[in-house]
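Heads up: the structure comes next, in C-alpha cells.
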Amino acid sequence: SMQCFPGLVLALSSLLGALALLQLSLYLRVPSPYGKHEERLCRPRSRLPARCAWFLQELPSFLVPALLLALRSPPRLEPLGCRLLCCLFCWHYFYRTFIYPFFTRGRPFPLQLLFFGMLFCIYNGFLQGYYLIYCAEYPNDWCTDIRFTSGLLLFLLGMGINIHSDLLLRQLRKPGEVTYKIPQGGLFTYVSGANYFGEIVEWFGFAIATWSLPAFAFAFFTLCCIGPRAYHHHRYYLKTFTDYPKSRKALIPFVF
Ligand code: NDX
C-alpha cells in the first residue's frame, strides 16, 4: 500500500514552483491564449464548448484527491485536520467541476490548452491529496491554531469573492452572447481581475491553513498563472473601452 515519501513531495512541489516561474516568464509578455486573448493566435485551433472544456479540465483536481481520501487503507481518522483540509480542496474543485461549467457563458476553449490544463489538474490534485492524506502531521488541536483559523477565513473569503465575481461576469451576457462589456459591481469596482484576486486569496489562505510546501507552491503557481492574466485583462479593457473607470487597478485594490 501507499506510504509517505517526503522526497517525492519535495520534488513535485519544486517542479510546481519551477512551472510557476516558467508561466510567469511566458505570460508576463503575452497572455495565455484563451477567452478574450485568443485572437492573438495566428493559426486556427480546434475548440470544445466552454462547458465541456472546464468540466473535463478541472475534474481530475476533484477526483484524484477524493479517491485518495476514500481509498486510503487503513482509513486515516486522526488527526482531524488532514481530512478537513483535504475536503476544503475537494470542495473548491467540486464547485469548479460540477457547478461553474454548467453556468458559464464563455467562448469555446482551445483543445490544446485543455489537454495541458487537465495534466496540470491531475498533477496538482495528486500532490495536494497525497501530501494531506499520507504525509501531513498536525497536532490534535490544529483546528484551533491561528494558522488554521486565519487561513480558513482567508480561504472562505477568497472563495466568496471568486464565486461572486464570476457570477457578475456571467451576468454581463445573455445566453449565446460572446461579446465583452465593462464588469461592474462587487470588487470589480476596484480591480479588473476581481475573480482572480479572490482565487489567489483563496489559495494563499489554503496554504496558511495547511502550512505546507505543496500548498504554498500551488498558491504561488496560481499567482504566476492568473496574476499576469489580470494585468492583460486590464490592458485589454483600457484599450477597448474609452470610458473604462480610470481609478480601477489590475489585480490588487488601490495598489496594482
Ligand atoms: N485552469 C487554472 N502552461 C487553467 C486553464 C488553462 O483552473 O500550458 C490554471 C485553472 C491552463 C491553466 C489552468 C494552467 C496552465 C496552462 C493553462 C493553459 C496553458 C498553460 C496549462 C489549468 C500552460 C505551461 C506552458 C507552463 C505548462 O468568452 P470568455 O471565455 O472570455 O468569457 C469569460 C467571461 N468574461 C466576460 N464576459 C463578458 N464581459 C467581460 N468583460 C468578460 N470577461 C470575462 O467570464 C468567461 O466565461 C468568464 C471568466 O473569464 P476570465 O477570463 O475572467 O476567467 P478564466 O481565466 O476563464 O478563469 C475562470 C475561473 C476563474 O474563477 C479563475 O479564478 C479560475 O477559473 N482559474 C483559472 C485559471 C487557473 C486557476 C484558476 C488557478 O491557477 N487556480
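Pairs, please: C-beta under 7 Å, at least 6 apart or cross-chain, first residue in the same structural domain as P108 (by the TED database) and at pLDDT 90 or above and in region 39-63, second of a type in the set (D, E, K, R) and not in a strand (DSSP E or B)?
A50/R107; E58/R96
Is it the case that some residue within region 229-241 is among the aromatic types (F, W, Y), within 17 Å of the chain's Cα centre (by Cα) and more than 27 Å from C135 (Cα to Cα)?
Scanning region 229-241, I find at least one residue that is among the aromatic types (F, W, Y), within 17 Å of the chain's Cα centre (by Cα) and more than 27 Å from C135 (Cα to Cα), so the answer is yes.
Considering only region 1-50, state which residues are in a loop (DSSP other than H, G, I, E, B), away from the ligand (no atom under 13 Å from the Cβ) and under 24 Å from F126 (Cβ atoms).
S1, M2, Q3, C4, F5 - these are the residues of region 1-50 that are in a loop (DSSP other than H, G, I, E, B), away from the ligand (no atom under 13 Å from the Cβ) and under 24 Å from F126 (Cβ atoms).
How many of the residues making up region 162-178 are more than 10 Å from the ligand (Cβ to nearest atom) and within 14 Å of the chain's Cα centre (by Cα)?
0
Name the residue that is surrounded by the most Cβ atoms within 10 Å (Cβ to Cβ), counting only residues in region 81-123 that are more than 12 Å from L59 (Cα to Cα) and touching a Ser or Thr at 6+ places or on another chain (Cβ under 6 Å).
My answer is L85.
How many of the residues making up region 64-91 are β-branched (V, I, T) and either at pLDDT below 85 or in the same structural domain as N162 (by the TED database) (or both)?
Of the residues in region 64-91, 0 are β-branched (V, I, T) and either at pLDDT below 85 or in the same structural domain as N162 (by the TED database) (or both).
Among the numbered criteria (1) more than 16 Å from the chain's Cα centre (by Cα); (2) farther than 19 Å from R107 by Cα; (3) within 16 Å of the ligand (Cβ to nearest atom), which one does R83 miss?
Evaluating R83 over (1) more than 16 Å from the chain's Cα centre (by Cα); (2) farther than 19 Å from R107 by Cα; (3) within 16 Å of the ligand (Cβ to nearest atom) leaves (3) as the failure.
Can you list residue pairs whose Cβ atoms sit under 6 Å apart, with the first residue in region 92-108 being assigned by the TED database to the domain that holds E58 and more than 20 Å from F206 (Cα to Cα) and the second being among the small types (G, A, S) and near the ligand (Cβ under 9 Å from one of its atoms)? Count only pairs 6 or more apart in sequence or on different chains.
T104/A50; G106/A50
Going residue by residue through region 143-153, is there one that turns out to be of a type in the set (A, V, I, L, M, F, W, C) and surrounded by 18 or more Cβ atoms within 10 Å (Cβ to Cβ)?
Yes, because at least one residue in region 143-153 is of a type in the set (A, V, I, L, M, F, W, C) and surrounded by 18 or more Cβ atoms within 10 Å (Cβ to Cβ).
Could you tell me which numbered condition Y34 fails, if it satisfies all but one of (1) within 25 Å of F206 (Cα to Cα); (2) aromatic (F, W, Y); (3) in contact with a Phe, Trp or Tyr (Cβ under 7 Å, 6 or more places away or on another chain)?
Going through (1) within 25 Å of F206 (Cα to Cα); (2) aromatic (F, W, Y); (3) in contact with a Phe, Trp or Tyr (Cβ under 7 Å, 6 or more places away or on another chain) one by one, Y34 breaks only (1).
For G117, indicate whether it is within 11 Å of the ligand (Cβ to nearest atom), outside the structural domain of E177 (by the TED database) and part of a loop (DSSP other than H, G, I, E, B).
The answer is no for G117.
Which numbered condition trips up E199, out of (1) without any contact (Cβ under 8 Å) to a residue 60 or more places away in the chain; (2) within 9 Å of the ligand (Cβ to nearest atom); (3) surrounded by fewer than 22 Cβ atoms within 10 Å (Cβ to Cβ)?
Among (1) without any contact (Cβ under 8 Å) to a residue 60 or more places away in the chain; (2) within 9 Å of the ligand (Cβ to nearest atom); (3) surrounded by fewer than 22 Cβ atoms within 10 Å (Cβ to Cβ), E199 violates only (3).
Name the residues in region 10-37 that are buried (at least 18 other Cβ atoms within 10 Å of the Cβ) and either aromatic (F, W, Y) or more than 20 Å from the chain's Cα centre (by Cα) (or both), would you?
Correct list: Y27, Y34.
The values are calculated or read from the model by the stated rules, or taken from the named source; none is laboratory data. These figures come from a predicted structure and were not determined experimentally. Backbone-built Cβ (ideal geometry, glycine too); neighbour counts: all protein chains shown.
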